[in-house]
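This report concerns only the one structure given below.
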Amino acid sequence: TFVDESETVSIERTRSTNVSVVSLFAIDGLMKGEIYVRNLAYEKKVMIRYTVNGWSTYSEIEAAFTRNVEEDIDAFDFTLTSPREEVAGCELCVCYSVNDSVFWDNNEGANYRLEY
């Protein structure tokens, strides 16, 4: 489980970086997460890029808007299903596209990693 900050710290980090993974956990072959983004425009897209083979290939899914956290912060959720039973885990990063700009949260270059 990746949840090591208070909501206040997560909000402040999101205000400085525009996008941040605030929770991430694996349970029963599923990976679930919550992402905060700065509400820079109404039209926005939050994508999760993930791999199960060390980036030889990758897939993407779109996160879904869930709630407004504060006036300038929106929350998005996602769920990944393990694609094969032999897959032990995956790595992921998050891409936030808004106003012709792209922002990434890749855990400061280390990517987020979870084992199923």
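Applying a threshold of 6 Å to beta carbon distances and a minimum spacing of six or more residues, or different chains, the list of pairs starting in segment 79-100 at a residue that is closer than 23 Å to Val37 by Cβ and ending at one that is of a type in the set (D, E, K, R) and at pLDDT below 95 reads Thr79/Lys32; Glu91/Arg113. Quick one: in segment 95-111, which of the residues that are surrounded by fewer than 12 Cβ atoms within 10 Å (Cβ to Cβ) and modelled with pLDDT of 95 or more is nearest to Leu40 (Cα to Cα)? Ranking the candidates gives Asn99 first. The residues listed here are Arg67, Arg38; of these, the one that is open to solvent by 40 Å² or more (accessible area, probe 1.4 Å), of a type in the set (Lys, Arg) and either in contact (Cβ under 8 Å) with a residue 24 or more places away in the chain or farther than 24 Å from Val9 by Cβ (or both) is Arg38. One residue stands out among those in segment 1-15 that are at pLDDT 85 or above and over 16 Å from the mean Cα position of the chain (by Cα): the one that is surrounded by the most Cβ atoms within 10 Å (Cβ to Cβ), which is Glu12. Assessment of segment 76-94 against the conditions (modelled with pLDDT under 95, at positive phi and outside any strand (DSSP E or B)) yields no matching residue.
The values are calculated or read from the model by the stated rules, or taken from the named source; none is laboratory data. None of the values given here were measured: they were computed from a predicted structure. Quick reminder, even Gly has a Cβ in these numbers, built from the backbone with ideal geometry, and neighbours come from all protein chains shown. Each accessible area value is taken on the protein alone, full model and side chains, heavy atoms only, with ligands, DNA and RNA left out. Shrake-Rupley method; radii C 1.70, N 1.55, O 1.52, S 1.80 Å.
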